[in-house]
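Chemist: I have a structure I would like to understand better, so I am pasting it below and will then ask my questions one at a time.
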Amino acid sequence: MKKIIFFLMIIISVKNANAQYYFYDNNYYDNPVIFELGASVGAMNCLTDIGGNKGIGKNLVKDINLGNTYLAESIYLSATYQYMFALRLEATFGQVSADDKVLAKVAPSTLGRYERNLNFKSKITDFMLGLEIHPLYIFNNNKEDKDPPICSPYVLAGVGFFSFNPQTTLAGKTVDLQPLSTEGQGFAEYPNRKPYKLTQVNFPLGVGIKYDLSSTLNVKAEFVYRKLTTDYLDDLSTEYIDPTLYANYFTGAKLTNALLLNDRQYELTPSHITNVGDGRGNAKNNDGYFTLNLKIGYTFGREKIRR
C-alpha cells in the first residue's frame, strides 16, 4: 500500500508534459495529469458452486441468482494522463451469499444440487489498483481540430487484494466455516487439500462509461468482475470426506459444528447416506464476484484561467 501511495504521489508531481487538450473550457485549462476523488454505490453479487439455476449449473450470467444481490459501496482516487489513461486506487465494501434452497422449484433438474442443501454468506473488503483505458481519447489525440469527447467509454483491468469469511447459520447462530475444514483442508489424510486463506489476490476486469457534468464533477456507470484464484469463496470445491476423521482433530463445539455442517443433506432427507468421495462441489472453475455501480467523481488539478 505504501508503494502504491508513493507511486501516486510521483504522478501528482508531474506538471510539465505536453497535453493535447490544453484548454478544458473557457475558464479552465488542463495540466497533463489531473486527479479525481470519488465514491460509488451499487450492487454486488457472486458466482460460486452454491445456488444457481435449473440444470447442471452454468457459467457466468446463466447461473446468477439476482435475489442474492447486496449493496456495495466504494471510495477511490485516480490520476488521469491526457484523458487517455487513468490509474485508480479503490476500496470496495460489500457482501455476497448463495443458497441451494433457491433451487427448490427446479430440484429434479439440478442433479443433487438442491438436495446438497448448503449455503453461505460473506462480507467482502476489496482493494484494487486498476488502469482505465479510454479509446476515444486515444484515437482523438492527434486530431487537433476536434474537441475531446465529454462522454467516454472505457475498459478496466488491474490487480486486487480482498478479504472474505464464509459463514452459515446453525440453530440460529452464525458459524465461521473456514476453521471447520469442511472438505478436510489441513488433514493428513488429504495432503492436497490445504487450508485456504481469508485474504487473497484477485484480478478485476471491467467496462464503463464516463460523462463530464462540469469541469469538476463527472459520473460513471461501471461493471467490474473479479476473477479469483480460489474456489472457496463459498467454502465449497470438491468431495465429501470421511466424517469420522473430525474426532481426530476437533473437540467440543467445533467438532459438533464440523459434523453438522460439512454435509447438510440430512436436514432435507434424514435417511440420506453420503458416501466418502461423493461430489460436493466442482473444482474445475474458481469462484468470482462482481459489482455494478454508479460513481460520482470530483476532478481537481485543472487551473483557472486568469483574465
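The values are calculated or read from the model by the stated rules, or taken from the named source; none is laboratory data. All values derive from a computational prediction rather than experimental measurement. Every residue, glycine as well, gets a Cβ built from its backbone with ideal geometry; the counts of neighbours run over all protein chains shown.
Chemist: Output the residues belonging to the stretch 30-49 that are of a type in the set (Val, Ile, Thr) and at pLDDT below 95.
Modeler: Matches in the stretch 30-49: Val33, Ile34, Thr48.
Chemist: Can you pull out the residues in the stretch 77-106 that are buried (at least 19 other Cβ atoms within 10 Å of the Cβ), assigned to a strand (DSSP E or B) and of a type outside the set (Asp, Glu)?
Modeler: Correct list: Ser78, Ala79, Thr80, Ala86, Leu87, Arg88, Leu89, Thr92, Gly94, Val96, Ser97, Ala98.
Chemist: Is one or more of the residues making up the stretch 148-155 modelled with pLDDT of 95 or more, buried (at least 20 other Cβ atoms within 10 Å of the Cβ), out of contact with any helix residue (DSSP H, G or I) (no Cβ under 6 Å at 6 or more places or on another chain) and assigned to a strand (DSSP E or B)?
Modeler: Yes, the stretch 148-155 contains at least one residue that is modelled with pLDDT of 95 or more, buried (at least 20 other Cβ atoms within 10 Å of the Cβ), out of contact with any helix residue (DSSP H, G or I) (no Cβ under 6 Å at 6 or more places or on another chain) and assigned to a strand (DSSP E or B).
Chemist: Continuing with the same structure: If we keep just the residues of the stretch 231-247 that are touching a residue at least 24 places away in the same chain (Cβ under 8 Å) and surrounded by fewer than 17 Cβ atoms within 10 Å (Cβ to Cβ), which is nearest to Gln167 (Cα to Cα)?
Modeler: Going through the qualifying residues, I end up with Glu239.
Chemist: A further question on this structure: Looking at the stretch 179-200 only, could you name the residues that are under 30 Å from Glu36 (Cβ atoms) and surrounded by 14 or more Cβ atoms within 10 Å (Cβ to Cβ)?
Modeler: Gln200
Chemist: Next question. Among the residues of the stretch 168-224, count how many are assigned to a strand (DSSP E or B) and either of a type in the set (Asp, Glu) or touching a residue at least 60 places away in the same chain (Cβ under 8 Å) (or both).
Modeler: Final tally of qualifying residues: 19.
Chemist: Which one is nearest to Gly172 (Cα to Cα) among residues in the stretch 104-142 that are hydrophobic (A, V, I, L, M, F, W, C) and at pLDDT below 95?
Modeler: My answer is Ala104.
Chemist: Okay, moving on. Any residue at all in the stretch 209-219 that's small (Gly, Ala, Ser) and under 24 Å from the mean Cα position of the chain (by Cα)?
Modeler: So far as the stretch 209-219 goes, no, none of its residues is small (Gly, Ala, Ser) and under 24 Å from the mean Cα position of the chain (by Cα).
Chemist: For residues that are touching a Gly at 6+ places or on another chain (Cβ under 7 Å) and under 12 Å from Asp287 (Cα atoms), tally how many sit in the stretch 204-230.
Modeler: Final tally of qualifying residues: 4.
Chemist: Among residues belonging to the stretch 203-228 that are closer than 13 Å to Gly288 by Cβ and among the aliphatic types (A, V, I, L, M), point out the one that is surrounded by the most Cβ atoms within 10 Å (Cβ to Cβ).
Modeler: Ranking the candidates gives Val224 first.
Chemist: Collect the residues in the stretch 248-286 that are of a type in the set (A, V, I, L, M) and either farther than 21 Å from Glu115 by Cα or free of Cβ contacts under 8 Å to residues at least 24 places away in the same chain (or both), keeping them in residue-number order.
Modeler: Correct list: Ala253, Leu255, Leu259, Ile273.
Chemist: Out of all the residues in the stretch 107-142, which are in a helix (DSSP H, G or I) and either within 15 Å of Ile50 (Cβ to Cβ) or among the aromatic types (Phe, Trp, Tyr) (or both)?
Modeler: Within the stretch 107-142, Ala107, Arg113, Tyr114, Glu115, Arg116, Tyr137, Phe139 meet the criteria.
Chemist: Okay, moving on. Scan (1) in contact (Cβ under 8 Å) with a residue 40 or more places away in the chain; (2) loosely packed, with under 13 Cβ neighbours inside 10 Å for the single condition Phe161 breaks and write down its number.
Modeler: (2)
Chemist: How about the stretch 235-268: which of its residues are in a helix (DSSP H, G or I) and basic (Lys, Arg)?
Modeler: Residue satisfying the conditions is Lys254 alone.
Chemist: A further question follows. Inside the stretch 269-303, can you point out the residues that are farther than 30 Å from Gly42 by Cα, part of a loop (DSSP other than H, G, I, E, B) and over 32 Å from the mean Cα position of the chain (by Cα)?
Modeler: Thr269, Pro270, Ser271, His272, Ile273, Thr274, Asn275, Val276
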